[in-house]
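See structure below.
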Amino acid sequence: MSIEKLTRLAPVELGYRLDANLPILPLALQVSPRKSAASQVGRGAPHAHPRGQLIFASSGVMRVICGRDIWVVPPSQSVWVPPNQEHEVYFSGEVALRNLFIDATVTVGLPKQCTVLKVSPLLRELILKAVQVGEEYLPESAGWRLMQVILDELRQAAPTPLHLPMARDERLMRVIEALLEDPGDSRDLEQWAKLAGASGRNLARLFVAETGLTFGIWRKRLLLQEAVKRLDQGQQVTAIAFALGYQSLSAFIEMFRKALGASPGQYARQHRVADGI
């Protein structure tokens, strides 16, 4: 699905609230685009706020755009957005959203750029508990200590490869936009070069120069993002593999396992259990 067609989340006021005595301000939201026709209309402006933000979906999949980069966020991952980093959040379906707005005074040790972080079972439970505590806690209280543990866990959280860098070059963006619209398009670099109006060699150089990734690695990340989204929608592994242009189911499974440490089937089962399904 084109990102242009996804529903955006409006900025949240908690991100602008400065108070070092409340290192984390938690917020739970249930996003249901199908129940709000108004949410499908128009495009909200990108925004930034002085608090950092951990964006976590306890169920459902969302996309976050930071600068020129796209981040897909399934339930086992979260996106860390540093203070004052411009970003947007998009939803293609039902999402149980858990936000942690983190005061800039306690972000030492956290990434200085948008990063997808793995959410361990412990961190997941800590985030859910923080939402229950809310923002009514005092320094040195049990709630305050919980927030310190969350910060410690976040500083140790491992990054994941669900980051898809974008480009500025118009020739390269013609190719990227076509692939975002149809991730399963299996044209090779020379065929894409005709669309871009460049030689295959120049297009290959542009991918590395603009995104930091080769065409092959960039496309695998796109396929991984799309696979995660489709698994969350309940699609079958075999159907996903062939829809994304894989001639071999085993090749698709191996790509997925190398990237996320589990086969697509294992990944889907883990998230059904996590979501209580």
Selected residue (only one of LEU180, LEU122 is assigned to a helix (DSSP H, G or I), in contact (Cβ under 8 Å) with a residue 24 or more places away in the chain and within 30 Å of ALA243 (Cβ to Cβ)): LEU180
Test: residue in segment 259-272 that is at pLDDT below 90, in a loop (DSSP other than H, G, I, E, B), of a type in the set (D, E, K, R) and farther than 21 Å from PRO159 by Cβ: no
Scope segment 47-104; condition assigned to a loop (DSSP other than H, G, I, E, B), of a type in the set (A, V, I, L, M) and buried (at least 21 other Cβ atoms within 10 Å of the Cβ); matching residues: VAL61
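Give VAL108, VAL149, VAL131 a once-over and let me know the one that is of a type in the set (A, V, I, L, M, F, W, C), in a helix (DSSP H, G or I), free of Cβ contacts under 8 Å to residues at least 24 places away in the same chain and not assigned by TED's automatic domain parsing to the domain that holds PHE207.
Details: VAL108 fails: in a helix (DSSP H, G or I); VAL131 fails: free of Cβ contacts under 8 Å to residues at least 24 places away in the same chain.
Step by step, each of VAL108, VAL149, VAL131 is checked, and only VAL149 is of a type in the set (A, V, I, L, M, F, W, C), in a helix (DSSP H, G or I), free of Cβ contacts under 8 Å to residues at least 24 places away in the same chain and not assigned by TED's automatic domain parsing to the domain that holds PHE207.
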Residues satisfying the stated conditions in segment 152-168, i.e. touching a residue at least 60 places away in the same chain (Cβ under 8 Å) and part of a helix (DSSP H, G or I): LEU154
In segment 14-46, residue farthest from VAL131 (Cα to Cα) [restricted to those that are assigned to a helix (DSSP H, G or I), modelled with pLDDT of 50 or more and not basic (Lys, Arg)]: PRO33
Residue in segment 229-249 that is part of a helix (DSSP H, G or I), touching a Phe, Trp or Tyr at 6+ places or on another chain (Cβ under 8 Å) and at pLDDT below 90 present: yes
Filtered residues of segment 210-223 (kept if surrounded by 16 or more Cβ atoms within 10 Å (Cβ to Cβ) and among the aliphatic types (A, V, I, L, M)): LEU213, LEU222, LEU223
Failed item, numbered, when ASP188 is tested on (1) surrounded by 14 or more Cβ atoms within 10 Å (Cβ to Cβ); (2) over 23 Å from ARG68 (Cβ atoms); (3) outside the structural domain of ILE24 (by TED's automatic domain parsing): (1)
Test: GLU226 is loosely packed, with under 14 Cβ neighbours inside 10 Å and either outside any loop (DSSP other than H, G, I, E, B) or within 19 Å of the chain's Cα centre (by Cα) (or both): no
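Just to be sure, is ALA204 at pLDDT 90 or above, among the aliphatic types (A, V, I, L, M) and within 18 Å of the chain's Cα centre (by Cα)? It would help to see each step written out before you state the result.
Values: at pLDDT 90 or above: yes; among the aliphatic types (A, V, I, L, M): yes; within 18 Å of the chain's Cα centre (by Cα): no.
Taking the combined requirement at face value, the residue does not satisfy it.
From the set of residues in segment 1-13 that are part of a loop (DSSP other than H, G, I, E, B) and farther than 22 Å from MET147 by Cβ, which is modelled with the lowest pLDDT? First the steps, then the outcome.
Within segment 1-13, the subset part of a loop (DSSP other than H, G, I, E, B) is 1-2, 6, 9-12.
The next check asks that each one be farther than 22 Å from MET147 by Cβ; those that pass are 1-2, 6, 9-11.
Details: MET1: 41, SER2: 46, LEU6: 49, LEU9: 56, ALA10: 57, PRO11: 61.
Restricting to residues being part of a loop (DSSP other than H, G, I, E, B) and farther than 22 Å from MET147 by Cβ, the top hit is MET1.
The values are calculated or read from the model by the stated rules, or taken from the named source; none is laboratory data. Remember, it's a predicted structure, so these values are computed and weren't measured experimentally. Note that each Cβ is placed from the backbone with ideal geometry, even for glycine, and that neighbours are counted across all protein chains shown.
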